[in-house]
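Below is one structure, written out as structure tokens; comments come after it.
The values are calculated or read from the model by the stated rules, or taken from the named source; none is laboratory data. Not measured: the values here are computed from a predicted model. No Cβ is skipped: glycine too gets one built from the backbone with ideal geometry, and neighbour counts run over all protein chains shown. For accessibility, only protein heavy atoms count, side chains too; no ligands or nucleic acids. Shrake-Rupley method; radii C 1.70, N 1.55, O 1.52, S 1.80 Å.
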Amino acid sequence: MHQNEDQLNSKKPAIAPGGYREVWMLGYPVVITMMSRTVMMFVDTAMVGRLGAVELAAVGFAGLLTWTLFSFFNGLLFSINTFVAQRYGSEDRHGVAVATWQGLYLALGSYLVVLLLSRVAGFLFAVMNPSDEVQRLGGIYAQIRLYGGINLFISFGVGGFLRGIGDTQTPMWIELVANIINIVLDYALIFGHFGFPRLEVAGAAIATVIAGIVAAIGYLAVFLSRKSDQAFKTRSSFQINFSELRRILRIGAPMGVQSFLDLLSFTVFTAFIGQMSDVALAANTAVITLISTVFMPLHGISRAATTLVGQYIGCNQLHYARKSGYTTIKMGIAYTLVAAVVFFTVPEWLFSLVTLDAEVVRIGKFILYFAAIFQIADAFGICSVGALEGAGDTLFTMWVGIGYAWLLFLPLAYGIGVVLGYGVVGAWGGATVYIIILGLTYFLRFRGNRWERMQI
């Protein structure tokens, strides 16, 4: 990015700033990256689903609990994307490396906290009160995944560096290689092929952790490479910078709090579904897996908004920042329209990819109809949040996310699903209302202009 429009246009003569081509060129590798993560989750779930409904429920529940414990730190570290993008837009190359190193120090600190939290994972399972077998298998899965948390944090930190400078292809290739490794190891360790022991649920967790190690090594190798060092002095900017750490915490902490409490609310939601029956919990797990095939790539489109809005704010081109946000929202809507049609028309076929249990399919397809209904609102919300985060407008998104999740989502879902007795399908009806209202609220914030005046 350059500091004036003439320089900007001379650098990218064939690409209209903030237009579809620019968003697509930056965004499609992120979409592929997110899709590859979705494939990893999908493969884990589909293979474990062949073991039985209880194993499927256990991995789904444990995976959600694990991500809940990771979520604050993931949100915190994602702010590195915002800082790097704005530093890069203002041509502060040294600031790019400094911000990324502080993110790596935060990644290490985050992992130490997660190790402490892993000691109470069993207690958290007991509080959520699933069946004894779900609790036993889920505890095994969660413990292994938590020990591998450092790999995820490094990937988020350095991934934010690469996306912030506009390099979205490198993370794509790293994630693709890691996910191929995960698929092979899933097959080997879950079912005991290629001479490996049959570890079932534990095997799925071990495969994911090993794939995460490969990804983290790849990210660090790129960040510390000769090319990165020549461009940003990455090998010599490792000093702890407390003022930069405070700035990152000021912007990133609200993102982390929102991410944690959002996922915690969904964990609570899943917990009272788990108390309905193991079949209901398995159907919920299958639906979440299918929705993730849309949700994760949509986040990829949103990440393009974060980077472009940050870069254009950094070079003081606010009109292009706004245009980039609107472009990603339109692309998100187009994508989710296709997904909604698929969810409505072939739900049974989609479920057959995840589970062979007829009762799980029967319940789950009705939930998938609700997912089709809220897809477009989700596009408005997720893409608007990506743009707002690029500007550093994280306090608003935090308070709205927390308030709507705990004061609207949970009471509504519990009231319809449990109090009125409509079960897991009724609970998802309440979730649909929540997602629609949340998406429209975030979009209205983006339509305003407060985010244009944010300073990080």
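Here are some notes:
- Selection of first residues in region 18-41 that are of a type in the set (Lys, Arg) and of second residues that are in a helix (DSSP H, G or I), restricted to Cβ pairs under 8 Å at least 6 apart or on distinct chains, gives the following pairs, ordered by first then second residue: Arg37/Glu175; Arg37/Asn179; Arg37/Met296.
- Residues that are polar (S, T, N, Q) and in contact with a Leu (Cβ under 6 Å, 6 or more places away or on another chain) were ranked within region 144-172; the one that is surrounded by the fewest Cβ atoms within 10 Å (Cβ to Cβ) is Thr170.
- Restricting Ala211, Ala221, Ala231 to those that are open to solvent by less than 20 Å² (accessible area, probe 1.4 Å) and in a helix (DSSP H, G or I) reduces the list to Ala211.
- A residue that is acidic (Asp, Glu), within 26 Å of Leu65 (Cα to Cα) and crowded, with 19+ Cβ neighbours inside 10 Å cannot be found anywhere in region 128-143.
- Within region 438-456, considering residues that are in a helix (DSSP H, G or I), of a type in the set (A, V, I, L, M) and touching a residue at least 60 places away in the same chain (Cβ under 8 Å), the one farthest from Leu263 (Cα to Cα): Leu440
- Breaking point among (1) of a type outside the set (Phe, Trp, Tyr); (2) modelled with pLDDT of 95 or more; (3) over 20 Å from Leu264 (Cβ atoms), for Gly423: (2)
- All conditions but one from (1) in contact with a Leu (Cβ under 9 Å, 6 or more places away or on another chain); (2) open to solvent by 40 Å² or more (accessible area, probe 1.4 Å) apply to Arg247; the one that does not is (1).
- In summary, Gln102 fulfils each of the numbered conditions (1) over 23 Å from Leu264 (Cβ atoms); (2) modelled with pLDDT under 90; (3) buried (at least 24 other Cβ atoms within 10 Å of the Cβ) with the single exception of condition (2).
- Put simply, of Ser155, Ser131, Ser110 the only residue that is small (Gly, Ala, Ser), more than 30 Å from Ser228 (Cα to Cα) and touching a residue at least 24 places away in the same chain (Cβ under 8 Å) is Ser131.
- Residues of region 21-48 satisfying the condition of being among the hydroxyl-bearing types (Ser, Thr, Tyr) and either touching a Lys or Arg at 6+ places or on another chain (Cβ under 8 Å) or closer than 18 Å to Gly212 by Cβ (or both): Thr33, Ser36, Thr38, Thr45
- Restricting the first member to region 235-263 and to residues that are without any contact (Cβ under 8 Å) to a residue 40 or more places away in the chain, and the second to residues that are assigned to a helix (DSSP H, G or I), the beta-carbon pairs closer than 6 Å and six or more apart or on different chains are Arg235/Asp229.
- Selection over region 397-408 of residues that are under 23 Å from Thr336 (Cβ atoms) and either open to solvent by 20 Å² or more (accessible area, probe 1.4 Å) or among the β-branched types (Val, Ile, Thr) (or both) gives a count of 4.
- Positions within region 42-54 being assigned to a helix (DSSP H, G or I) and either open to solvent by less than 20 Å² (accessible area, probe 1.4 Å) or in contact with an Asp or Glu (Cβ under 7 Å, 6 or more places away or on another chain) (or both), in sequence order: Val43, Asp44, Thr45, Ala46, Met47, Val48, Gly49, Ala53, Val54
- Any hit, region 94-106, residues being assigned to a helix (DSSP H, G or I), closer than 30 Å to Val201 by Cα and of a type in the set (A, V, I, L, M): no
- Region 259-302: number of residues that are within 17 Å of Val31 (Cβ to Cβ) and either buried (at least 24 other Cβ atoms within 10 Å of the Cβ) or in contact with a helix residue (DSSP H, G or I) (Cβ under 6 Å, 6 or more places away or on another chain) (or both): 11
- Selection over region 409-436 of residues that are surrounded by fewer than 18 Cβ atoms within 10 Å (Cβ to Cβ) and within 22 Å of Glu389 (Cβ to Cβ) gives a count of 1.
- On inspection, Ala358 qualifies as surrounded by fewer than 23 Cβ atoms within 10 Å (Cβ to Cβ) and either at pLDDT below 90 or in contact with a helix residue (DSSP H, G or I) (Cβ under 8 Å, 6 or more places away or on another chain) (or both).
- Residue match in region 407-420 (condition: part of a helix (DSSP H, G or I), over 24 Å from Ala334 (Cβ atoms) and under 20 Å from the mean Cα position of the chain (by Cα)): yes
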